[in-house]
Amino acid sequence: KISKTNRRDVLNNPRGRIMATLKKQISIHGTALMSGIDSSVEIFPSDKKGIRFFVNNTEIPAKAENVVSTQNCTVLAKDNASIMLIEHFMATCAFCNIDSLDVCVNAQELPILDGSAKGWYEAFCEAGITDDEQEPLAIKEPVNFIHNSSLVSVIPSDSLNISYMVNFNHKDLSQRWVNFTKNTDKKEIIEARTFGYLKDLEKIQAMGLAKGVNIENTVGLTDDGYTTELRSLYEPAKHKILDLIGDFMLTGFNPLSMNAMIIAKEAGHFLHVETAKKMNNLIIVKEKI
């Protein structure tokens, strides 16, 4: 039974459960990673289910079907408006179990902050969350998406287990597996920063990309190590789990509530999003015992 004081707009929520949003409006400013421009974000609590971005007065629902590019980052678009690099923000919504927000952005890219979900997560926790109880989810049948040597598989299970394998040309990150379960310290995923090869930075910037990269928001991979001290062991590989969680939030369901084994091998945003599209009609809400 939903109490009067906690009631949300059930008409906008076909499953009839209380939706989670922020307790107050927050503002966040920073530099955009790709363009290097200033980006300002106003985040409003909402009583309508769904995460919605507003760019140039256009509403862009955070749904897998609205993804128009997965090169370098996940990009959503609708009509003539687009918003880039939404995956860290969406992962924060997953960790906070938030499913209802209106996000107004003055640019076509969210700020990178420190390259992880840490800044978003701290701002959300400071604002407060109306309801952080997670609904248990299950998947009806296995889902697989394979492209060349890369794959993402989602398999029904008794609990959540994410296993991610990266295979980078780096002494620590060659055929490296990392895992996340309910018992993992979530801080290691939330604070895992984006990364790239230092040797490629100048070439990428000459293409007009990565203009906002600096030593504070990106872990540079060098021939013998990193450009900065890591926050945890194999931090770049853990950032791939953060990306996957954010991209899977585009199903409209929280992947951290799923009883599933998720296996990703040499994957990226393209495989994440294509798998999310295939999952859309297979996720079910489990009855609480």
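The values are calculated or read from the model by the stated rules, or taken from the named source; none is laboratory data. Everything numeric in this text was worked out from a predicted model, so none of it was measured. For neighbour counting, all protein chains shown are included, and Cβ atoms are generated from backbone atoms with ideal geometry for every residue, glycine included. The accessibility values were calculated without ligands, DNA or RNA, using every heavy atom of the protein model including side chains. Shrake-Rupley method; radii C 1.70, N 1.55, O 1.52, S 1.80 Å.
Over the chain, what is the mean sequence separation of C-alpha contacts under 8 Å (at least six apart), divided by residue count, expressed as relative contact order in percent? Working shown, then result.
Values: 644 pairs, mean separation 69.6, N = 289.
Relative contact order comes out at 24 percent.
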* **Mean separation of Cα contacts under 8 Å, 6 or more apart, over the residue count of region 144-289: relative contact order %** => 39 percent
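Taking all protein chains as present, what is the carbon and sulfur share of the accessible area of the chain, in % to the nearest whole number, probe 1.4 Å? Can you show the working numbers first?
Numbers: 6420 of 13510 Å².
Carbon plus sulfur share of accessible area: 48 percent.
In the chain, what is the volume of the convex hull around the alpha carbon atoms, normalised per residue and reported in Å³? Spell out each step's value before the answer.
Details: hull volume 38.1 nm³, N = 289.
Convex hull volume per residue, Cα atoms: 132 Å³.
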* To do: For region 190-228, state which GluC sites (Glu not before Pro) are in a DSSP loop and have at most 13 other beta carbons lying within 10 Å of their beta carbon.
  => 216
* Structure fact -> extent check for region 192-284: Cα max minus min per principal axis, descending, whole Å, gives 45, 30, 21
* To the nearest Å, what is the center-to-center distance of region 124-202 and region 232-280, using C-alpha atoms only? -> 5 Å
* To do: Provide the net charge surrounding residue 150, with neighbours chosen by a C-beta distance below 9 Å and charges set as Lys +1, Arg +1, Asp -1, Glu -1.
  => 0
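Enter the accessible area per residue of region 214-262 (Å², integer; probe 1.4 Å; all protein chains in place). Before the final figure, lay out the partial values.
Numbers: 1560 Å² over 49 residues.
Normalised by residue count, the accessible surface of region 214-262 is 32 Å².
So what is the calculated 222 nm ellipticity per residue for the chain, using -39500 (n - 2.57) for each DSSP H run with n of 4 or more, over all residues, to the nearest 500 deg cm²/dmol?
Details: 6 runs with 55 residues, N = 289.
One gets -5500 deg cm²/dmol as the mean residue ellipticity at 222 nm.
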* Solvent-accessible area per residue for region 42-136 (1.4 angstrom probe, square angstrom) -> 37 Å²
